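Comments concern the structure below.
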Amino acid sequence: MSSSEPVRVAKRPDRFPEGTRVWKQFSVRGARIETRLLEKRGPSDADWLSLAYSWDPDGKDALAAPLGVIDAQHTDHDVPAAGECWACHGGRRSFILGFSAVQLAASAAAGEIDLADLIEQGRLSRPPASAPVVPGNSVEAAALGYLHANCSHCHNQTRPARSGARCFDPDNSDDFTLAVGQLDGVASTPTYRTVVGHAVKRGDPDDSKLYKLVSSRGMFRQMPPLATEKVDTAAVANLRAWIEGL
Amino acid sequence: MNGRSALFAPLLMFATQPVLAEPSNEPGLAPGGARIEAQAHFGVATTPFDVTTLAEAKGQAVVLLAAGSYALSEPLSFELHIPVVVGSVAQPAGSYIDAAALGNPQLGARYRLMQRRSGEASLALAGAVDVGLPLASHAEDLMPNRVLAIADGVEGRGRPEWFTPGVMPITASSALRWASAAWTLETELRLPLFVRVSEADLPSATTNTRSIGLAAVASGEARYRLSRRLSLATTAQLFFDIVPSVAHVRGVSRVQDFERLSLYIHFGSRGALVVDLQTAIAGELGGAMVAGGLRGVVDF
């Protein structure tokens, strides 16, 4: 963040200062494949530039890839087209995903930033009194964390109304968000209040819509619908254990 | 009568009426006659797309076709085909964006080279030349280019002259048709030649366009008249990619099969509605394309 203006925080970060830039880099077997950039170029919530850069095979230069790349550098990694960023990022007013108190609470590695660093640097308008802790035992916490990180940017009940391109119109009745103030116990989380008993059938993963979608891949029968071609087997195993234990 | 019988009884009555009129499968039109055709095929397809960074085009498309022909004389008729495509194109990460494109309109002349009759049977040989207007849509974001590629897949890669942007296609063809009261057998060979007139917005760094391209399409249809109202047809088609108008960026099968099952519903001798179901077994489209839809033909 180039500005001294803090990140405006309500229950979660919802507005980043103009000039904010966020990068994310993808490597396959140690070789850089793609670097994504999000840049706040104006004051409004829609003033985000989104673009991916595709690296040359020699790793010396990366070129903008506004149309995306299929199977970049002969790997199975696909670089998204610029217009696709809104499909997921457009589901949060903040546009940035992953920059939430819950996901920043763990201590970061050297050279990276975590919640404590942001508080210490005065980067948050309303810093939390203490680092949030995901409720539940290890299986429950892992399931809630996975659903928050992979599902809540589309399935949440505070999605902004945007006029820009959005690829899907997710079911708003489901909410997988983990937010400060809703972490007193598992029953307090939106996932338990809106999903368990509906898309999740207690004790029966094989009859749970959520489990079927995250454990398969294919057109119109997978979740998340974008940016994934392989089942996350470890996460699916944990979700199965979580549903069986409900 | 149970529910199923109630459902099928009218259809059976419709299908088993005696043959009272010659079907509208007479070869050619009478002098001064005209024919109007319309088609809407919907399908999903994943097809080769010859840009290094986007080596396939995947999505759904509706291929709309408006066509008309006019018989100037007994052997000579003129034809016009205007293809239009609307669809959704899969983006690299998996989202879909809607797109629409105009194909290359085709102006053609068809000449009946020979016709023989023997009782109820007839045999006809015709030759045709079609020239395409190089109007197929293209754009920097390659969305029209990609939706046209998907449409090409929906039609089994058998109509590249409709769906290749940046070229003027010139297609020579010949068709041999034998028809009796119950059977119609027709074979056709088409040779689309592509003369490049623009790069069609294809990026020069990741594509290699050619000034000339050539393909061949051989097809055969067998149609059986079930009743006055109904005919059943099966079509097989082979596409040969002789000289691609854009060099392939990966290994692409140079031969493509295509199969179609059609139900013709005849309306007297002047009109027919055709229900098509089409797919491919092998080649690039094997397991990657299924489509269906309607065609309608009316003679005046």
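Of note:
- Checking each residue in region A:1-36 for being at pLDDT 85 or above, surrounded by fewer than 17 Cβ atoms within 10 Å (Cβ to Cβ) and not aromatic (F, W, Y) picks out A:P17, A:E18, A:G19, A:R21, A:K24, A:Q25, A:S27, A:V28, A:R29, A:G30, A:A31.
- Residue count for region A:67-84, restricted to those that are at the interface with another protein chain (Cβ under 9 Å from one of its Cβ atoms) and outside any loop (DSSP other than H, G, I, E, B): 5
- Among residues of region B:42-53, those that are more than 30 Å from B:S204 (Cβ to Cβ) and either within 13 Å of chain A (Cβ to nearest Cβ) or surrounded by fewer than 21 Cβ atoms within 10 Å (Cβ to Cβ) (or both), counted: 2
- In region B:69-124, the residues that are under 30 Å from A:T75 (Cα atoms) and either touching a residue at least 24 places away in the same chain (Cβ under 8 Å) or in a loop (DSSP other than H, G, I, E, B) (or both): B:G87, B:S88, B:V89, B:A90, B:Q91, B:P92, B:A93, B:G94, B:S95, B:Y96, B:I97, B:A99
- No other residue among B:A205, B:A200, B:A222 is loosely packed, with under 15 Cβ neighbours inside 10 Å and either outside any strand (DSSP E or B) or not small (G, A, S) (or both) apart from B:A205.
- Qualifying residue in region A:107-122 (condition: assigned to a helix (DSSP H, G or I), crowded, with 17+ Cβ neighbours inside 10 Å, of a type in the set (D, E) and out of contact with any Lys or Arg (no Cβ under 8 Å at 6 or more places or on another chain)): no
- Residue within region B:92-111 that is within 14 Å of another protein chain (Cβ to nearest Cβ), touching a Phe, Trp or Tyr at 6+ places or on another chain (Cβ under 7 Å), surrounded by 20 or more Cβ atoms within 10 Å (Cβ to Cβ) and closer than 30 Å to B:N145 by Cα present: no
- Residues that are in contact with a strand residue (DSSP E or B) (Cβ under 9 Å, 6 or more places away or on another chain) and within 14 Å of chain B (Cβ to nearest Cβ), drawn from region A:206-246: A:M219
- Residue under evaluation A:D184, criteria (1) not assigned by TED's automatic domain parsing to the domain that holds A:L38; (2) not in a loop (DSSP other than H, G, I, E, B), criterion not met: (2)
- Among the residues listed as B:R228, B:R250, the single one being charged (D, E, K, R), assigned to a loop (DSSP other than H, G, I, E, B) and surrounded by 15 or more Cβ atoms within 10 Å (Cβ to Cβ): B:R228
- Criterion: of a type outside the set (A, V, I, L, M, F, W, C) and modelled with pLDDT of 95 or more - qualifying residue of B:T187, B:T207: B:T187
- Residues in region A:196-246 that are within 18 Å of the chain's Cα centre (by Cα) and under 15 Å from A:P170 (Cβ atoms): A:L210, A:L213, A:V214, A:Q222, A:M223, A:P224, A:P225, A:L226, A:A227.
- Among the residues of region A:54-66, the ones that are under 20 Å from B:A90 (Cβ atoms) and either among the small types (G, A, S) or facing chain B (nearest Cβ under 7 Å) (or both) come to 2 in all.
- The one condition in (1) within 14 Å of another protein chain (Cβ to nearest Cβ); (2) crowded, with 24+ Cβ neighbours inside 10 Å that B:E140 fails to fulfil: (2)
- Of the residues making up region A:141-156, those that are surrounded by fewer than 21 Cβ atoms within 10 Å (Cβ to Cβ) and in contact (Cβ under 8 Å) with a residue 12 or more places away in the chain are A:A142, A:G145, A:Y146, A:A149, A:N150.
- Against the conditions (1) within 22 Å of B:E161 (Cα to Cα); (2) polar (S, T, N, Q); (3) out of contact with any helix residue (DSSP H, G or I) (no Cβ under 6 Å at 6 or more places or on another chain), B:S253 satisfies every one except (3).
- Selection status of A:A179, out of contact with any Ser or Thr (no Cβ under 6 Å at 6 or more places or on another chain), farther than 30 Å from B:L54 by Cα and not assigned by TED's automatic domain parsing to the domain that holds A:K40: yes
The values are calculated or read from the model by the stated rules, or taken from the named source; none is laboratory data. Predicted model, so just to flag it, every value in this text is computed and none were measured. Backbone-built Cβ (ideal geometry, glycine too); neighbour counts: all protein chains shown.
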